[in-house]
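FYI, it's all coordinate maths here, none of it is from the lab. Since the structure is predicted, the reported quantities are computational estimates derived from the model, not experimental observations. Note that each Cβ is placed from the backbone with ideal geometry, even for glycine, and that neighbours are counted across all protein chains shown.
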Amino acid sequence: MASGMEEGVSDDGVLPIQRGTNQAGMRAYNERLVLTLVRQHGSLAKTDIARMTGLSAQTVSVIMRHLEADRLLRRGQPLRGRVGQPSVPLSINPDGAFFIGVKIGRRGLDIVLVDFVGAIRRRVGFTYAYPVPAEAIAHIIEETRTCAELLGPRADRIAGIGVAQPFALWEWAEAVGAPVADLAPWRHVDIRAELAAVLPYPVYLQNDATAACGAELAFGDNSGLRDFLYFYIGTFIGGGLVLNGGLFTGRTGNAAALGSMPVPDGKGGMEQLINQGSLVLLERRLVAAGLPIAALYDPTADWNVFGEHLDAWLATAARGIAHAIVAASATIDVEAAVIDGAFTVEIQQRLLRAVGEELGRLDLSGIDAPLLLPGSIGPVARALGGASLPLFDHYLVERHASSALRGFADPLSPDRGTREQQRARARTIR
């Protein structure tokens, strides 16, 4: 691997290899519920938690004392001016837990150290022509040890390592221009077992686009949505699905494989969306024109230098994505379609506008068209999605399960203000 970069200090493809950890382990449901609510609202007092959950004040007091003793919550200043005792809000302690997220991509490797509130404490990246298992594993092990050294005595708060990577990497040799023999080892490597054999933390694995969708759910501005379709555009386009406020991964962990969605090819036939919305298609255009492609894999670069090649790719990608949104909406009645990718906000906005225009040309009879919204995380979404895997597994509740376990309104449901803000964002795109 080459070109290192560093910044800052079940079918369930997410089940961990259990290696044991000094972390407190799986939280009880009510503790998870309190942590989820406090993360969502920023800070809450005991009375707020009791009102939202229906739990008794005494039960909430016990839970919050436990979480504070475990250093997962921290006290704020008492709120005075009300009748009775001052209310003491508690918020998430950023140092309460840490997560390491890894993205193994077809063109690059990203590793992030994330704290309990989702802030990236450290990020390291490597670019390459194609991924080699042994080299990727070596980088992950080395960087995990570096993160532990940086944390010092807080290293025992690392709750796990989440790896996000495309499934069946060995099938993409021709598409990424790699020798078949070099990608073949991915067919047999068990990256979770390899890492768990060396590192003292649980290891999780998830499809990269599904993980990116999880990052949007856990850390993004669209977390108030309860149902959304998610597109992530990297070297290849992929997707994810959130239903009832929870990440839906399906029977094999590969639900919402939107890159495989059949869409019109413009010639009277059909082809997969991956052949229209992937950045590798823009790369091929640039190579054919004799233009350098380095800027294509630098998400901070100005892509406008690609000129007509970028325009052509945006038009093709927008048509394919629009058809995929309509096809998915005819099956699943989602609130929104969220689009993110390894590009600048400017390119994201251009793509969103183009998709909106294409949707306006399609027959939407019988379909309630979803809102079209920008993803809020960008190029680091897949690595951050990896970090979200141990976060969800150790500390948060499945939001869609909460209302089923109680006979009243879901305390995790977004308020109307959040929904109206999302609609306003969609209107600015259109």
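Quick look at the values:
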quantity: Cα-based shape type of segment 213-252, given that a ≥ b ≥ c are square roots of the gyration tensor eigenvalues and the cut on a/c is 1.5; calculated: oblate
quantity: Gyration tensor verdict on segment 171-256 (Cα atoms; rounded if a/c is under 1.5, prolate if a/b is larger than b/c, oblate otherwise); calculated: oblate
quantity: Ranked by how many other beta carbons lie within 10 Å on average, peptides 199-211, 253-265 from highest; calculated: 199-211, 253-265
quantity: Rounded Å value of the spacing that divides the Cα centres of segment 323-368 and segment 216-244; calculated: 13
quantity: Highest to lowest packing among 348-354, 376-382, 180-186, scored as the average C-beta count within 10 Å; calculated: 376-382, 348-354, 180-186
quantity: Relative packing of 360-367, 298-305, which averages over residues the other C-beta atoms within 10 Å, highest first; calculated: 298-305, 360-367
